[in-house]
Amino acid sequence: MNNSSNTVSKNYREIASGEFHDLAIMPHTIVVDVRSAGEFEGGKIRGAINLDVSSSDFMNQIQNLSKDITYLIYCRSGNRSGMACAIMNEMGFKEVINLKQGLLLWPFELV
């Protein structure tokens, strides 16, 4: 029996915190925190914007974003950001990158 119809294709990269940190300061790169507003207010990566992937408005919010720049996506553990990366990839965003294991392994300052 072939279960390939149940497999979600992962067409985005996952990177460790060091590389994510280095890319976050590059031009034409936007850092997106996909946690809830409350989690976001509790501490975020400097310069991040908040687009809650669990919000009913998430799809509308990302439709207004440019598809031609790099998005660095993160959450607490990497699960919600992985979902956001998959959604954005399906919508035609050229480069979405997930923070592997999210903020759980983030060694840098949060603001």
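Values in this text are rule-based calculations from the coordinates and carry no lab data. Just so it is clear, the model here is predicted, and its values are computed rather than measured. Cβ sites come from the backbone with ideal geometry, for glycine too, and all protein chains shown count toward neighbours.
Here the 3J(HN,Hα) profile of the range 21-38, calculated from phi with Karplus coefficients 6.51, -1.76 and 1.60 at θ = phi - 60°, is 4, 5, 6, 4, 9, 6, x, 6, 10, 10, 8, 10, 9, 9, 7, 5, 4, x Hz, Gly and Pro shown as x.
Think of it as helices only: each DSSP H run of n ≥ 4 in the chain is worth -39500 (n - 2.57), and spread over all residues that comes to -7500 deg cm²/dmol at 222 nm.
The three principal axes of the Cα atoms in the range 11-105 give end-to-end lengths of 28, 27, 21 Å, sorted in falling order. Here K44 is the anchor, and the lysines within straight C-alpha reach of less than 17 Å, apart from those fewer than 8 places off in the same chain, are K100. Our coupling estimate for the range 61-76, obtained by passing each phi through the Karplus curve with A = 6.51, B = -1.76, C = 1.60 and θ = phi - 60°, is 5, 6, 4, 7, 8, 5, 8, 9, 10, 8, 10, 9, 10, 8, 8, 6 Hz, Gly and Pro reported as x.
Applying a DSSP loop filter and a limit of 13 other Cβ atoms within 10 Å to the GluC sites (Glu not before Pro) in the range 23-111 leaves E109. Entry note, the chain: relative contact order of 32 percent, from Cα contacts under 8 Å with a spacing of 6+ residues. Each residue, M91 and M26, gets one label point 7 Å from its Cα in the Cβ direction; the gap between the two is 2.2 nm.
Within the chain, antiparallel bridges make up roughly 0 percent of the DSSP beta bridges whose residues both belong there.
Ranking A24, C85, A48 by how far each Cα lies toward the positive end of the dipole of the chain (charges on Cβ) leaves C85 at the top. The angle separating the long axis of helix 79-90 from the principal Cα axis of greatest extent in the chain is about 60 degrees. Phi-derived couplings, Karplus 6.51 cos²θ - 1.76 cosθ + 1.60 at θ = phi - 60°, listed residue by residue for the range 42-54: x, x, 9, 6, 3, x, 6, 9, 10, 10, 5, 5, 7 Hz, with x used for Gly and Pro. Once backbone amide H atoms are built at 1.01 Å from N, V31 has I49, L72 as its partners under 5 Å, excluding neighbours fewer than 5 places away on the same chain.
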